[in-house]
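The values are calculated or read from the model by the stated rules, or taken from the named source; none is laboratory data. Everything quoted here is computed from the prediction, not taken from an experiment. A quick note on method: Cβ atoms are made from the backbone with ideal geometry, for glycine too, and the neighbour counts reach across all protein chains shown. In case anyone asks, the SASA skips ligands and DNA or RNA and just uses the protein heavy atoms, side chains included. Shrake-Rupley method; radii C 1.70, N 1.55, O 1.52, S 1.80 Å.
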Amino acid sequence: MRDHLRPPPHTGPDPRPDVWTGRATNRAQWVFAVAGAACLALGVQLAVSSNWTSGIVPLLMSVVGCVAAGLLMLFGTLAFVNVAVRIDDDALEVRCGHMGLPRRRILLTHVVGAEFVPRVTPRQWGGWGYRWRPEQGTAVVVRRGEGLVLRLGDGRTFTITVDDAESGVRFIRERLHLPASGAATGA
């Protein structure tokens, strides 16, 4: 008797998924991470087995320089080996590297537009990583290729290089009830 109150069984895929996820990876960054590990190892080697007769100051400067350069290269590159993007009904969240840091969360209520860009290069942004340029906005660039650009309500933009960026843009536009755009921009 109560069967008519139950919803019909779900027979197919959900036409509107609740979450969109995307990733991008740059394997070339591993080369820089290895170079950083080599600098770090050189600094440790100098500290442990050096018998320099020229004094402690040159030895200390060499050790500190190698260790600092190694740590900067190692952690600076590992933070941007990959990027993970997660978009749900409320926000877009970007996590960089294996530890998810740096992280950025943008509420979709602050987004006024989303665009697909077929080609984003590190050269446009001054290198890999988390970038800011006054004339372009902010970006997370881990590799060259496609990306998505968010236009925020305060006039700023946020660009992310991510695989399948076009479907991410569609997902955001559906959430914001924005019209689909056929033209791609070349940010």
Review point. Helix 165-176: angle to the longest alpha-carbon principal axis of the chain, degrees 0 to 90, nearest 10?
Key: 50 degrees
**Study point:** Electrostatic dipole magnitude of the chain [Cβ: Lys, Arg +1; Asp, Glu -1; Cα centre; debye, to 20]
**Key:** 240 debye
**Study point:** Near-label residues of the stretch 55-99 by backbone N, under 13 Å of a point 7 Å along Cα→Cβ of residue 23
**Key:** 81-86, 95-99
Practice item. Go through 175, 104 and list them by solvent-accessible area, largest first, probe radius 1.4 Å. Key: 104, 175
Point to revise | the stretch 109-187: GluC sites (Glu not before Pro) falling in loop per DSSP and having at most 16 other Cβ within 10 Å | key: 135
Point to revise | Dipole axis of the chain (+1 Lys, Arg; -1 Asp, Glu on Cβ), positive-most option in 17, 117, 180 | key: 117
Study note, to complete from the structure: Pseudo-spin-label distance residue 104 to residue 60, built 7 Å along Cα→Cβ, given in nm, is 4.1 nm
Check your understanding: Given R₀ = 22 Å, FRET efficiency for residue 93-residue 180 by Cβ-Cβ distance, to 0.05?
Key -> 0.40
Check your understanding: Distance in nm between label sites at residue 31 and residue 135, each 7 Å beyond Cα in the beta-carbon direction?
Key -> 2.9 nm
Check your understanding: So what's the back-of-envelope 222 nm ellipticity for the chain, counting only DSSP H runs of four-plus at -39500 (n - 2.57) apiece and dividing by all residues, rounded to 500?
Key -> -10500 deg cm²/dmol
Check your understanding: From the backbone phi of the stretch 39-48, what are the Karplus-calculated ³J(HN,Hα) couplings (6.51 cos²θ - 1.76 cosθ + 1.60, θ = phi - 60°) in whole Hz, Gly and Pro given as x?
Key -> 4, 4, 5, 4, x, 5, 4, 4, 5, 7
Check your understanding: Using every alpha carbon pair in the stretch 94-187, what percent of pairs falls into each 5 Å bin from 0 up to the bin containing the largest distance?
Key -> 3, 14, 25, 27, 21, 9, 2, 0
Exercise for review: Show 73, 99 ordered by accessible area, largest first, where the area counts protein heavy atoms only and the probe is 1.4 Å.
Suggested key: 99, 73
Point to revise | Matching label, Cα Rg over 2.2 N^0.38 Å computed from the structure shown, candidates (i) 0.98; (ii) 1.43; (iii) 0.92 | key: (ii)
